[in-house]
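The values are calculated or read from the model by the stated rules, or taken from the named source; none is laboratory data. Since we're looking at a predicted model, the values are computed, not measured. Here the Cβ is made from the backbone with ideal geometry for all residues, glycine too, and neighbour counts use every protein chain on show. For accessibility, only protein heavy atoms count, side chains too; no ligands or nucleic acids. Shrake-Rupley method; radii C 1.70, N 1.55, O 1.52, S 1.80 Å.
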Amino acid sequence: MHDDDPVLDDPVGESLGGRHAHLARRLGRAATYLTDVATFSSVSADPDAADWSDLARLLGPGAFADMFNCPAVAPANWEPVFSLEGRQMIWPGGSHPDRPGSECGTDVVELGAESVPEMLDLAALTEPGPFWPRTHELGAYLGVRVDGTLVAMAGERLRPPGWTEISAVCTAPGARGQGHGARLVRALAERIVARGERPFLHVAEANTGAITLYERLGFKTRRPVTFRGFRTP
């Protein structure tokens, strides 16, 4: 694995065609995640009109198509919903990001299906990005509880070959400034590295606090990306 690994240029498509194939819906060369898992969709690397038509049929009329960082431009009759500048960051190699596990105390817990209502509430409160009732099926999710209340979480999302994305990093407003986010990112990164993969993540360019945290943990910017969403005709 290297920093210019092309699978990172299409992490959604690579995940849907690989380790997340069991969570995918497909039509021709278009693919998207199952409802309530994720909204991300993918077309071929060089899509033609048929690919976009297949994706529109897959999603249905007037549906939201979250193209994530797909570089292809959607057809003119697809209504733009949002465009957000961001960056893709990677752990550049070596053993573990910035002393992983050194802050992983007993308050770091596994989050499964039984924790979904709390996870949804925390995501709604903090808006770390798309999070749905079955998003936890994408990978491992960890949380921090204080007096039994879930106050922070992070988990694994996209999984192109050789890589795992860390996502949904969020902390409730009243629990910020205590290192929970860093603790969770380190714990996840340690797991990913231990199984012979490399961590990567995506962050909005305007989220300077998160970028500073990830850089402190050892992540490096691989490339700028533009996140885009559309509505099908």
What is the stretch 89-233's relative contact order, in percent, from Cα pairs under 8 angstrom and six or more apart in sequence?
-> 30 percent
Could you list which residues have their amide H under 5 Å from that of Trp163, counting only those 5 or more apart in sequence or on another chain, with H placed in the peptide plane?
-> Arg198
Please list, in chain and number order, the residues 5+ apart from Ala65 or on another chain whose amide H is under 5 Å from its amide H, with Hs placed from the backbone.
-> Phe230, Arg231, Thr232
Calculated from backbone phi, Karplus (6.51, -1.76, 1.60) coupling profile of the stretch 167-172 in Hz, x at Gly/Pro | 8, 6, 6, 7, 9, 4
Whole Å is fine, so just give me how far the alpha carbon centre of the stretch 170-214 lies from that of the stretch 60-80.
-> 29 Å
Could you tell me what percent of the accessible area of the stretch 92-233 is made up of carbon and sulfur, with a 1.4 Å probe and every protein chain present?
-> 52 percent
Choice from Thr164, Thr35, Thr135 with maximal GNM fluctuation in the chain (Cα, 10 Å cutoff) | Thr35
Projected onto the charge dipole of the chain (+1 at Lys/Arg Cβ, -1 at Asp/Glu Cβ, origin at the Cα centre), which of Tyr214, Pro128, Pro80 gives the Cα projection farthest towards the positive end?
-> Tyr214
Any idea what the dipole of the chain comes to, in debye rounded to 20, about its Cα centre with Lys/Arg Cβ at +1 and Asp/Glu Cβ at -1?
-> 160 debye
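Taking the Cβ-Cβ separation of Ala76 and Asp147 as r and a Förster radius of 41 Å, what is the calculated FRET efficiency to the nearest 0.05?
The calculated FRET efficiency here is 0.15.
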How many Å² of accessible area per residue for the chain, probe 1.4 Å?
-> 44 Å²
